[in-house]
Structures are given as structure tokens and as C-alpha cells.
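The values are calculated or read from the model by the stated rules, or taken from the named source; none is laboratory data. Keep in mind it's a predicted model, so treat the numbers as computed, not measured. A quick note on method: Cβ atoms are made from the backbone with ideal geometry, for glycine too, and the neighbour counts reach across all protein chains shown. Side chains are part of the model used for accessible areas, which takes the heavy atoms of the whole protein and leaves out ligands, DNA and RNA. Shrake-Rupley method; radii C 1.70, N 1.55, O 1.52, S 1.80 Å.
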Amino acid sequence: MTETTRPMRALVVEDETFTRQELAEMLAELPEFGSVAEADSGEAAVRVLGTSAFDAVFLDISMPGLDGMEVARVLHMMSEPPAIVFVTASESHAVEAFGIGAADYLLKPIRPERLAEAAARVRALRRPAVPTPGSAVDELTVVQIETGRQTLFVHRDDIQYAEAHGDYVRLHTADDSHLIRLSLSYLEEAWGPAGFVRAHRGYLVAVRWVRDLRVTSSSGLLACTPAGEVPVSRRHARALKERLLAAVRDEQR
């Protein structure tokens, strides 16, 4: 077994016993991790990290004594620091967290699918993935659209959101919109790795184009892009918000 394929080692740092044990159990169920250790304080985490090596540290921010941010700064002084995933009930530290190189930022209570996504991010950091032709990341990077006698080529990176229209999808760019015979579910699968997120049953939005989230009395929560406003359902609001927070990390790097 090579270094890049072996199960990873994780450390959960959390002062609340139930939360710490629950997170450790959830991580132990993921195939990426072979062992999961626990520390009940920042000081305990530093002691453990001084004697044992880990691939990832799942780190609470608000702890008595040495808090999560301080622990993260200690980790960055290590010659081979583990990946850091912050686990917190507050969104207020996201910019600072990604500014110091966090792999991900999870909001409590932790959803299994978000934890699995964080684990995949950590794995990617430990084993950089190189997309191959035909992979999901490369699929439909350019969309070919037939309009009578004209053929248009629309780059995926220019598409700000996609809207379902029966058996078709309308793709919205800053200057125009284009109708193509594809399902929204197919685009979600193909473009998910490129940053497109389900915002509503009938909409996908490109995270990189979202300028802000806005609540209105008539339409509820909206994701605002230069190409227009995208409705955000209650079901998808949290996942979208977490992806927007994660995007801050990428901009800080």
C-alpha cells in the first residue's frame, strides 16, 4: 500500500464530549480514514500532535484555553502540517480560517454528506488529482448550441446559472441565455466538480458568480449573480452557503 492510498489518520479536537465522540464515530465510518484519535482541548491537541502524526485535524474554534485558531497557527509551524478542517457553530471565522489555509469549514450540526465532502478535500490535498480527458471535471467545458443555421459555443466558465425548462435547460451568461436539450440533473453531476451547486429544484448556480445572498419578502432567499437572481430553496440553502464559505478559502490561496 502506497502513502497516497493508505487510510488517513485523523484527530478530532473538541471540548464538548458528546460532539467530539459523535464526530469521531462519523469519521471512523468514512473509507478515507483508518484511525481517529480525540483531544478534548487545544492544549491536549498540541501534546498529541507532538508525538503522533496525522493527515487531518478536525478542529473546533471556540474552546477554553488554547482555541482552534491558535492551534491552527501552531500546526503551521510543523514541517509537515496536517490538513485542517474547522468545525464550528459560527460562520464568523470563515475568512480567517481560509486565510490560514484551512482545507474546509464545517458548520454544526455536521451533516454526513458535508463531512464526506471534507474528507474528499483532505484526500485530494494528500494525493493531488490530475484530471484526465473525459473525466467529470472536463465534461462539457464548452457547450455547443444549435440555433437554426448558426452554431454557438458557450464556455462553461461564462455560465452563471442554469434553469430547468421541461426537457431543456436554459443557460444564463452575463450577456445572453441559451436553451439546450439536457437535464438539470445531468448538468449537476457533470458540472458539480466545476463549482455548480443546486440552489433550487429548478436551478443550478455557479458558486464563483454569486455576489451575495439576499432575503426578500416576495421571493425569499436569492443568490445574486450579474446575470440575474436565482431562487434558493430552504432545502438547498445550507449546502449553498457552505460552498460559498469554501469559495472564500480558494480566493485566499
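Some points to look at:
- L125 being touching a strand residue (DSSP E or B) at 6+ places or on another chain (Cβ under 7 Å) and either at pLDDT 75 or above or at positive phi (or both): yes
- Subset of the stretch 29-60 (residues that are under 16 Å from A120 (Cβ atoms) and part of a helix (DSSP H, G or I)): none
- Test: residue in the stretch 235-252 that is assigned to a strand (DSSP E or B) and more than 30 Å from I100 (Cα to Cα): no
- Residue satisfying all of: in the stretch 237-253; of a type in the set (K, R) and over 19 Å from H200 (Cβ atoms); modelled with the highest pLDDT among these: R249
- Test: A199 is assigned to a strand (DSSP E or B) and small (G, A, S): yes
- Enumeration of residues in the stretch 1-20 that are of a type in the set (A, V, I, L, M, F, W, C), at pLDDT 90 or above and either part of a loop (DSSP other than H, G, I, E, B) or crowded, with 18+ Cβ neighbours inside 10 Å (or both): M8, A10, L11, V12, V13
- Checking each residue in the stretch 152-187 for being open to solvent by less than 60 Å² (accessible area, probe 1.4 Å), modelled with pLDDT of 90 or more and in a helix (DSSP H, G or I) picks out only R156.
- When L30, L23 are checked against the criterion of being touching a strand residue (DSSP E or B) at 6+ places or on another chain (Cβ under 7 Å), buried (at least 18 other Cβ atoms within 10 Å of the Cβ), touching a residue at least 60 places away in the same chain (Cβ under 8 Å) and within 20 Å of A102 (Cβ to Cβ), a single residue qualifies: L23.
- Condition check for F196 on (1) at pLDDT below 90; (2) within 17 Å of the chain's Cα centre (by Cα); (3) open to solvent by less than 30 Å² (accessible area, probe 1.4 Å): one failure, at (1).
- Looking across the stretch 76-109 at every residue that is touching a residue at least 60 places away in the same chain (Cβ under 8 Å), over 17 Å from R126 (Cβ atoms) and outside any helix (DSSP H, G or I), the one that is most open to solvent (accessible area, probe 1.4 Å) is identified as E91.
- Scope the stretch 234-247; condition touching a helix residue (DSSP H, G or I) at 6+ places or on another chain (Cβ under 7 Å) and open to solvent by 30 Å² or more (accessible area, probe 1.4 Å); matching residues: R243, L244
- Qualifying residue in the stretch 220-233 (condition: part of a helix (DSSP H, G or I) and open to solvent by 80 Å² or more (accessible area, probe 1.4 Å)): no
- Restricting the stretch 33-75 to residues that are β-branched (V, I, T) and either out of contact with any Phe, Trp or Tyr (no Cβ under 7 Å at 6 or more places or on another chain) or more than 20 Å from L115 (Cα to Cα) (or both), the residue that is most open to solvent (accessible area, probe 1.4 Å): T51
- Scanning the stretch 45-56 for residues that are in contact (Cβ under 8 Å) with a residue 60 or more places away in the chain and farther than 15 Å from M26 by Cβ turns up at least one hit.
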